[in-house]
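The values are calculated or read from the model by the stated rules, or taken from the named source; none is laboratory data. In this text, all values refer to a predicted model and were calculated from it rather than measured experimentally. Note that each Cβ is placed from the backbone with ideal geometry, even for glycine, and that neighbours are counted across all protein chains shown. When the accessible area is computed, the model is the full protein with side chains, heavy atoms only, and any ligands, DNA or RNA have been set aside. Shrake-Rupley method; radii C 1.70, N 1.55, O 1.52, S 1.80 Å.
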Amino acid sequence: MTAGDGRAYGRVAGVPDPDLYQTGAGTPAGELLRRYWHPVGRSADATELPREVRLLGEDLILYRDGSGTAGLLTPRCCHRGTSLLYGRVEEHGIRCCYHGWLFESDGTCTDQPCEPDRGRNRSSYRQPWYPVVEYHGLIFTYMGPPD
């Protein structure tokens with residue numbers, strides 16, 4: 001080693017360990033971090049205009065419906081994959097811009113306007129979601145296993 005290689009005390013450069021810095025789902029660090037509550041935004045960030053957020057390697061949609069409930073859903077509609085970023089926030093959830101399915105903050109589908117009886121089978125569909133809690137002006141989410 002030479003004096004100009006930039007390492008302190010002549011030590012060998014470190015080697016990155018992906019097990020420590022990758023936080024996506026299924027990675028060791030990602031699975032550990034998903035066992036904790038994380039701030040996903042300020043309470044003021046959740047509005048009637050859906051907002052993109054990224055946490056632990058996942059893209060998510062944060063919004064607040066007309067009843068004041070904050071919601072955090074995966075961005076692609078479980079029906080046809082359209083982005084919920086362009087969805088319309090309503091009194092009790094967010095409506096997909098493609099076929100108009102309405103999802104509540106817990107992912108349950110409550111309306112399917114283009115289906116017979118406004119969705120006879122709507123109870124069998126659920127948008128992937130994460131629970132949120134507001135505390136002192138922040139919105140926290142838990143991304144780990146439900147149990």
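All of R54, R42 fail the test of being touching a strand residue (DSSP E or B) at 6+ places or on another chain (Cβ under 8 Å), free of Cβ contacts under 8 Å to residues at least 12 places away in the same chain and not β-branched (V, I, T), apart from R54. In summary, G100 fulfils each of the numbered conditions (1) open to solvent by less than 20 Å² (accessible area, probe 1.4 Å); (2) in a strand (DSSP E or B) with the single exception of condition (2). I'm checking my understanding of the structure. Among residues of segment 54-89 that are of a type in the set (D, E, K, R) and crowded, with 17+ Cβ neighbours inside 10 Å, which one is nearest to T23 (Cα to Cα)? If we take residues in segment 54-89 being of a type in the set (D, E, K, R) and crowded, with 17+ Cβ neighbours inside 10 Å, then E58 is nearest to T23 (Cα to Cα).
Sort out which residues of segment 127-144 are within 19 Å of D65 (Cα to Cα) and either part of a loop (DSSP other than H, G, I, E, B) or at pLDDT below 95 (or both), and write them in order of number.
First pass over segment 127-144, keeping only residues within 19 Å of D65 (Cα to Cα): 127-135, 137-141.
If the condition is that a residue be within 19 Å of D65 (Cα to Cα) and either part of a loop (DSSP other than H, G, I, E, B) or at pLDDT below 95 (or both), then Q127, P128, Y130, P131, G137 are the ones that fit.
Within segment 103-142, the set of residues being in contact with a helix residue (DSSP H, G or I) (Cβ under 8 Å, 6 or more places away or on another chain), among the charged types (D, E, K, R) and either open to solvent by 70 Å² or more (accessible area, probe 1.4 Å) or touching a residue at least 40 places away in the same chain (Cβ under 8 Å) (or both) comprises E115, E134. When we screen G57, G81 for residues that are in contact with a Gly (Cβ under 8 Å, 6 or more places away or on another chain), over 13 Å from Y130 (Cβ atoms) and modelled with pLDDT under 95, the only hit is G57.
On the given criteria, is L49 outside any strand (DSSP E or B), among the aliphatic types (A, V, I, L, M), farther than 26 Å from E31 by Cα and open to solvent by 50 Å² or more (accessible area, probe 1.4 Å)? Give the steps one after another, and end with the answer.
Working: outside any strand (DSSP E or B): yes; among the aliphatic types (A, V, I, L, M): yes; farther than 26 Å from E31 by Cα: yes; open to solvent by 50 Å² or more (accessible area, probe 1.4 Å): yes.
Taking the combined requirement at face value, the residue satisfies it.
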